[in-house]
Amino acid sequence: MMAKKILIAYGSRYGSTEEIATEMGKILEAEGIFSDIVDLKSRGGPVHNIMDYDGYIIGSGIKMGKWTKEAEGFLKNNYPKLKEGAPLALFVSCGLAEDDHEKALADYLTKIIEKHSIEPDMFDAFGPLYDLSKGSRLGFINKKIIKSMKKDSGRVYEDGKKYDYRDWDSIRDFTLSFEKLLNG
């Protein structure tokens, strides 16, 4: 029996979604499943041979309440082309998931599913990584916005530190649930 091959495609703004996608790939590869991990932003074009995959995981970071244009565009353009019967999972990494998981699901997954008439087998929202260290992808203005927003919630964020709100156990469970669907 040939090993299963899945596509993990993502749009990351500051690296959190990229790290989640990479970890998902490692988890699946430990289960004997080959994962093709694709950064939709840097790839600059469509994924060729979309029908070659036995399953799909598509993820996006959220900024200003929106998926990355690359991840949303990939879903819109490729959902009709996905291999019939192959499982599809969607995920986002966002600050809202840290504070109100159900609202994050409704605002960032249910809405995109309805907007593009997508029928995923599973979906979830994971918390963010706020990297306020020097040289992080966030940049000066975004760091100030995060610090200001979180200050309103009673949290104090310091320059030079990382605040990781991703629940790696939940990410692992999500990925292993996908593996069960794939090998169902």
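Quick note: the coordinates plus some simple rules give every number you see, no bench work behind them. What you see is a predicted model, and the numbers here were worked out from it, not measured in a lab. Heads up, the Cβs are rebuilt from the backbone with ideal geometry, glycines too, and the neighbour counts pull from every protein chain shown.
Among the residues of the stretch 1-23, those that are of a type in the set (Gly, Ala, Ser), under 11 Å from the mean Cα position of the chain (by Cα) and assigned to a loop (DSSP other than H, G, I, E, B) comprise Ser12, Gly15.
Which one is farthest from Glu114 (Cα to Cα) among residues in the stretch 51-77 that are of a type in the set (A, V, I, L, M) and surrounded by fewer than 18 Cβ atoms within 10 Å (Cβ to Cβ)?
Per the stated criteria, the residue is Met51.
Taking the condition of being touching a residue at least 40 places away in the same chain (Cβ under 8 Å), buried (at least 18 other Cβ atoms within 10 Å of the Cβ) and not in a strand (DSSP E or B), how many residues in the stretch 108-129 meet it?
Final tally of qualifying residues: 5.
Among the residues of the stretch 44-63, how many are within 16 Å of the chain's Cα centre (by Cα) and more than 24 Å from Asn183 (Cβ to Cβ)? Residues flagged as within 16 Å of the chain's Cα centre (by Cα) and more than 24 Å from Asn183 (Cβ to Cβ) within the stretch 44-63 amount to 4. Residues in the stretch 24-44 that are within 23 Å of Gly61 (Cα to Cα) and not in a helix (DSSP H, G or I): Ser35, Asp36, Ile37, Val38, Asp39, Gly44.
For the stretch 78-91, the criterion of being of a type in the set (D, E, K, R), under 26 Å from Arg166 (Cβ atoms) and over 12 Å from the mean Cα position of the chain (by Cα) is met by none of the residues. The lone criterion from (1) part of a loop (DSSP other than H, G, I, E, B); (2) among the charged types (D, E, K, R); (3) under 17 Å from Phe174 (Cβ atoms) left unmet by Glu102 is number (1).
Within the stretch 70-99, the residues that satisfy the criterion of being touching a Leu at 6+ places or on another chain (Cβ under 9 Å) and assigned to a helix (DSSP H, G or I) are Glu70, Ala71, Gly73, Phe74, Leu75, Tyr79, Ala97.
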